[in-house]
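Only one structure is covered here, and it is reproduced in the block below.
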Amino acid sequence: MFGWVAAIALAVLASLMLAVWLIGERGHLMLPSMRHALREYGWWRLLTPQGIHLFFYGRWPRVYLGTLIKHLARWLPPSMKNSLANHYHGKVLTPDHARAIIRVKRTIPLQDLEQVIPYATARQLVLQGPPKIAVLQCPCRAIRENPCQPTDVCLIVGQPFVDLALEHHPGISRRISAQEALEILAAEHRRGHVHSAWFKDACLNRFFAICNCCPCCCGGIELMVQQGVPMMASSGFVAEVDPERCRGCGQCQRACAFHAVQVNGRAKVDAGRCMGCGVCVDRSPENALSLRPEPRRGVPLDVNAMNGVPG
């Protein structure tokens, strides 16, 4: 029954997208940045599930994400949840690696990031350095009744995504410098929020944004922790506790977005749950936690190391 409903829904959406294409080519419905992107990467993508996702996500992100997180995701079968995560997911970043992406001053075309992003669909990291950057109001925070502040913390990186964000959301996005982006990253890390690089396979099949995720608002963390949807991949690190330093204060447990730390006299990390974000490391007043590489969880998204450049 569900298969028939999904098929009918896709057919209706495909018809709608075809109408958008026909009208949009004449400039009456589709904005220039979207027309430019689709001309360059293929109008036919509008008739695919990924293209439909890209259009609605890019045009109406709050409504789209709100409907997905609050309603649809609860009823999707496991196979469709896994498919969703495979086509649209985040890679947790350490603070150093998030800063390194923003500081890029050279072109980085990296193909097939399967060892970095352990999902079935190959990914790319394409940055024309120094990359263009925009900050966008976080759609996940915008759909909450009492969101974390500030809300303008999503960093859109590289083209055509920057132009798409600026033109489609002029009231809640703006172009920023690399220094402003670094300041946003630093402020969000101080608040205990998780840096994550997000990838899409619609159109470009690659990285497009650095989000700063709080566990109370982030749809990706909610889908992952509460519903078991594998929306986020590990940074490639795991937190490690020094039992000689740990005093059992509990700050690391309260800070962990993934419920990976338990404190019973001393802190203990569940390596299977830990995503290697590093938030707990800076929460320990005794410097009792550190990050260690865990190759079984993936390879860090480190643009310097992947290009043979000293950090």
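Fewest-first ordering of Asp96, Asp152 by other beta carbons within 10 Å of each residue's beta carbon gives Asp96, Asp152. Here each label is just a point 7 Å from Cα along the line to Cβ, and for Arg296 and Asp270 those points are 1.6 nm apart.
Ranked from highest to lowest mean number of other Cβ atoms within 10 Å per residue, what is the order of the peptides 133-139, 285-291, 84-90, 193-199? Show your work: numbers first, answer last.
On the way: 133-139: 22.7, 285-291: 16.4, 84-90: 19.9, 193-199: 25.1.
Descending mean neighbour count gives 193-199, 133-139, 84-90, 285-291.
Sorted from greatest to least, the principal axis extents spanned by the alpha carbons of region 77-117 come out as 43, 23, 15 Å. Extension gain for the segment Ser83 to Glu286, taken as residue separation times 0.36 nm less the Cα-Cα distance, is 68.9 nm to one decimal.
For region 237-293, the convex hull spanned by the alpha carbon atoms encloses 63 Å³ per residue. Over region 197-290, the Kirkwood radius and the radius of gyration, each from Cα atoms, give a ratio Rg/Rh of 1.03.
Read-outs throughout are calculated quantities, based only on the coordinates presented, and are distinct from any laboratory measurement. Since this is a predicted model, take the numbers as computed values, not measurements. Ideal geometry is used to build each Cβ from the backbone, glycine not excepted, and the neighbour counts take in all protein chains shown.
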